[in-house]
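Asks: Structure in structure tokens, see below.
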DNA sequence: CATGAATGAGAGTTCATTCAT
DNA sequence: GATGAATGAACTCTCATTCAT
């Protein structure tokens, strides 16, 4: 029980960090606010996470790993490579738009974030790279099974990721997203890579 | 002469703000650093721009207006709608990757930025919207002149902008961009909307 | 056995405290560092010693009592009063420069230390006074046995202690000590008090 | 007048720092206490002195330079080398026991202090060395003019400084100083080096 | 217009001490 | 006895903003 209590305090802090960093960003989120939101003492933040930056990274990595696991589970259902790409994109958007997944924190500390000076940025970059690999594999598989045009998997994975990243940022941050934007992007991507039907 | 000196001081501050905000972000950039970079007195910042946020916005809007003017000039050369879309995308990327244009500041204060609490965010959103309109007009023109498939200009403009935004962030912020990414994106977009050739 | 374990834990803490307080001073030394250095649980510090100040004092007194016992044992060998004074000074310097004796902690919590606010300072002052008495007795003995000029034992003991304290601080803390300083001081003191040889 | 006001704020802080660092030591003295004692805003401490350590050093060096100037002025009156040594010692003690000179701060940040980790310790050590040189010169002069026994000036200067340092610490920090201690030390030193009178 | 000294609230972080287990 | 998670006051230092000159 001791372990459980300790664990729950740490988890409360991590959860509060995800919410507040996600909603208000790094600079606007203070230790005080996080501790109050989590309902625990201020000092526990340093106790468990060391520094603000490390907490930020921990919160982001937690969501990132969740996303990777979710993608892997979803991709297991795909029959063809083209189907895998569609599933990847749809799962990505579903995850990003589910408030309970706290994708916003990831927007703020991913390699796409504005935060440049972040120490241990490499950890985030390395783990984020795993997502690209999943997409690359799906593309290679589709080229092999004939469901996808003979494209370069590496270059095409980057092009597709631009669609995903742009879509999520439009949807979550701007007033410019149309109601169908995320669906339109999936269609745009699939049409762009699908093998021609004879 | 007196007015000229004052004006050059104000411009020095704005230029320094673009550089520093762009390189180090909002929170990391202080009045002191800006004043030192510009080589003028600290108090002039408040004198000319009021608050830090207003300076940030002024710097961002300056770049945004520059971008809009640049797009308008480039689009004047386009014959067909499809050509206009290509020019729009290429000009956007060329602007974003030209260090002298200080696009980075725009990344940090555009509606795609992580900064939510920004007052006067609407001003930025309103002016940014003009870019969307330019792209929408190009699409509508292309549909009309037959160079572009019969797509919905509004929805398609958002899809294309996702490609532009994702491309710029990949290129400027992450280690994942391939050497051909920006060209690949232009091709991907053009192929996705071009009218079929008989 | 249980008592032995407890005792060894307490002793580990005291030893670690001597080392760390001696090397880095009172403020720089934390409970965490001491517990880690000793390899025992953090809570045992309060358990055994109450407060940080009490631990500091305990560590200092331990070294002080060691010094007093060492002086007493050494003085037992002296034939004349003058010889006793010489032995006292030499023993003092030998003790202070032996790393295993942890004299540094004594420098930091003796009445010569900069630490003014120390509660229970009187305990330290009272026990430190015993050293002065040993030196006073040696001087009185020397005056009585004719080996020392007819000086006032009290006043002269203070003068001699100034030499000892100054010597130790030069040697341990500053870059100004010459290689022969401690020997020079013994000679200077002995020459200053020795009875003239006819 | 602008310069005068600014200067007086800075001087108030330095004066308050001397008093409080001297009375309560480095760790116990906080920015808040210094600013309150000086009657100025907290932020001015960083504004003028950068960090706490730099302020500490500035306060100590200010007193040290005052001491050096005082010694130099006093030594100008000396006829013989022996007289110069006596004047040096008497001036040192007079300075150290004058509350208006704030010698206590020097005790806490001189190379004889317990503070080891102090950055820029070398500055203090270098300037402190000038005192040793003054004493060495006096000794060399005395040896040359026959007022002092043929001693080694370097080694003897260190021995004498041990007397001064030990004397000041006894007087200022401990309850062991006799009423005549500082005079006794001057006599002890002079007797120890004076050339024998025929 | 121009300057930079002055302000003080608030930030992240440290740490002795407590106490439930 | 032994543990280390938990607490929160206090610390140093930052910085946008003000304002007298």
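Asks: Where is the GNM fluctuation largest for chain A (alpha-carbon springs, 10 angstrom cutoff): A:91, A:174, A:156?
Replies: Between A:91, A:174, A:156, it is A:174 that shows the largest mean-square fluctuation.
Asks: Moving to a separate point now. Say a paramagnetic label sat at a point 7 Å from the Cα of residue A:133, along Cα to Cβ; which residues of the stretch A:91-116 have their backbone N under 20 Å from it?
Replies: Within reach of a label on residue A:133: A:92, A:110-112.
Asks: Moving to a separate point now. Going 7 Å from Cα along the Cα-Cβ axis for the label, what nanometre distances separate residue B:180 from the same residue across the other copies?
Replies: 3.2, 8.4, 10.0
Asks: Shifting gears a bit: Note the distances from residue A:31 to each other copy's matching label point, with points 7 Å along the Cα-to-beta-carbon direction, in nm, sorted shortest first.
Replies: 1.4, 1.7, 2.6
Asks: For the Cα atoms of chain B, what angle does the longest principal axis make with the long axis of helix B:153-173, in degrees from 0 to 90, nearest 10?
Replies: Helix B:153-173 sits at roughly 50 degrees to that axis.
Asks: Helix A:81-96: angle to the longest alpha-carbon principal axis of chain A, degrees 0 to 90, nearest 10?
Replies: In chain A, helix A:81-96 runs at an angle near 30 degrees to the longest axis.
Asks: Taking the number of other C-beta atoms within 10 Å as the exposure measure, put D:68, A:34 in order starting with the fewest.
Replies: Neighbour counts put them in this order, fewest first: D:68, A:34.
Asks: What does the copy distance list look like for residue D:125, label position 7 Å along Cα→Cβ, in nm and ordered from shortest?
Replies: Here the equivalent label points are 3.4, 4.1, 6.2 nm apart from this one.
Asks: Just grab the label-to-label distance for residue B:149 and residue A:98, each label 7 Å out from Cα along the Cβ direction, in nm (one decimal).
Replies: Using points 7 Å along Cα→Cβ, the separation is 3.1 nm.
Asks: Arrange B:32, C:116 by Cβ neighbour counts within 10 Å, fewest through most, would you?
Replies: B:32, C:116
Asks: While we're looking at this one, here's another question. Give me D:87, B:160 sorted ascending by neighbouring Cβ count inside 10 Å, so fewest comes first.
Replies: Placing the least packed residue first, the sequence is D:87, B:160.
Asks: Under a 10 Å cutoff between Cα atoms, tell me which one of D:179, D:38, D:17 has the largest fluctuation in the Gaussian network model of chain D.
Replies: So, out of D:179, D:38, D:17, the one fluctuating most is D:179.
Asks: The stretch C:128-166 to the stretch D:21-55: how many Å between their Cα centroids?
Replies: A separation of 43 Å, based on Cα centres.
Asks: Considering the rotational relationship between chains C and B, which residue of chain C contributes the beta-carbon of minimal distance to the axis, and what is that distance to the nearest Å?
Replies: Nearest Cβ to that rotation axis, in whole Å: C:28, 15.
Asks: Can you tell me which of C:119, C:27, C:35 moves the most in a GNM of chain C? Springs connect C-alpha atoms under 10 Å apart.
Replies: Largest GNM mean-square fluctuation: C:27.
Asks: Additional query: Distance from a point 7 Å along Cα→Cβ of residue A:194 to each backbone N in the stretch B:137-180: keep the residues under 19 Å and list them by number.
Replies: Counting only backbone N, you get B:149-152, B:156, B:159-160.
Asks: Can you give me the angle between helix D:181-193 and the longest principal axis of chain D, using Cα atoms only, in degrees from 0 to 90, rounded to the nearest 10?
Replies: With rounding to tens, the tilt is 40 degrees.
Every number in this text was worked out from the coordinates using simple rules, so none of it is lab data. On a predicted model such as this, the values are computed, not experimentally measured, just so you know. No Cβ is skipped: glycine too gets one built from the backbone with ideal geometry, and neighbour counts run over all protein chains shown.
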